[in-house]
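Take a look at the structure below.
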Amino acid sequence: MVCGSRYVKGGDMPETPLRFWGSYFFNLYIRLLLHSPVKDSLSGFVALRKSVLNRLTPGEKQAIFSGFGEWYIRLLWWGKNQGLRIKEVPVKYGSRLGDASKMNFVRSIIDYTKTVLQLKQHGLNL
């Protein structure tokens, strides 16, 4: 599993300091609670072999691939628990062009927190 990360050497995000540090510390929270080796559990950039995706049961696919960004947290958790080798590569976010983001930052934090706590307590048996 190869994941894009803003927090490895060569990665970057041109956001405000508040957004950068908020994301950084939320990723740290995810790492601590889920014992994740991944530094950026929110980037959404991932590459998998088809053979890895084929290992997912229909129930796991349904449990993992839903939500806005929650799917990525669940997929990384599943990969770690399957013993997959996870490599992070640098990713650079560009400045947003055009319209402002439609993402509700507070709503996303609430949803991501719920996902992390559910994984910690119940795994994918949501």
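Nothing in this text is a laboratory measurement; each read-out follows from the coordinates by a stated rule. Because the structure is predicted, anything quoted here is derived from the model rather than measured. A quick note on method: Cβ atoms are made from the backbone with ideal geometry, for glycine too, and the neighbour counts reach across all protein chains shown.
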With +1 on each Lys and Arg Cβ and -1 on each Asp and Glu Cβ, and nothing else charged, work out how big the dipole of the chain is about its Cα centre, in Debye to the nearest 20. 320 debye
Net charge around VAL8, counting only other residues with Cβ within less than 14 Å of its Cβ (Lys, Arg = +1; Asp, Glu = -1)? +3
Specify the angular offset, from 0 to 90 degrees and rounded to the nearest 10, of the alpha carbon long axis of helix 70-81 from the longest principal axis of the alpha carbons in the chain. 50 degrees
Among GLN82, VAL106, ALA47, flag the residue with its Cα farthest along the positive direction of the charge dipole of segment 2-122, charges on Cβ as +1 for Lys/Arg and -1 for Asp/Glu. GLN82
Arrange ASP111, ASP40, ASP12 by Cβ neighbour counts within 10 Å, fewest through most, would you? ASP12, ASP111, ASP40
In whole Hz, what ³J(HN,Hα) sequence does segment 2-14 give by Karplus (6.51, -1.76, 1.60; θ = phi - 60°), x for Gly and Pro? 10, 10, x, 9, 7, 10, 10, 4, x, x, 6, 8, x
Quick one: which residues, 5+ away or cross-chain, put their amide H under 5 Å from the amide H of VAL46? H built at 1.01 Å from N. GLY4
Which one, (1) 49; (2) 23; (3) 19, gives percent of Cα pairs over 25 Å apart as derived from the coordinates shown? (2)
Can you pull out the trypsin sites (Lys or Arg not before Pro) in segment 24-56 that DSSP calls coil and that have at most 15 other Cβ atoms within 10 Å? ARG49, ARG55
Treat the count of other C-beta atoms within 10 Å as a stand-in for reagent exposure and order SER36, SER43 from fewest to most. SER36, SER43
Considering only GLU88, GLU70, GLU15, give the residue with the highest GNM mean-square fluctuation for the chain, with springs between Cα atoms whenever their separation is below 10 Å. GLU15
Counting other beta carbons within 10 Å of each residue's own, what order do TRP78, TRP21, TRP71 fall into, fewest first? TRP21, TRP71, TRP78
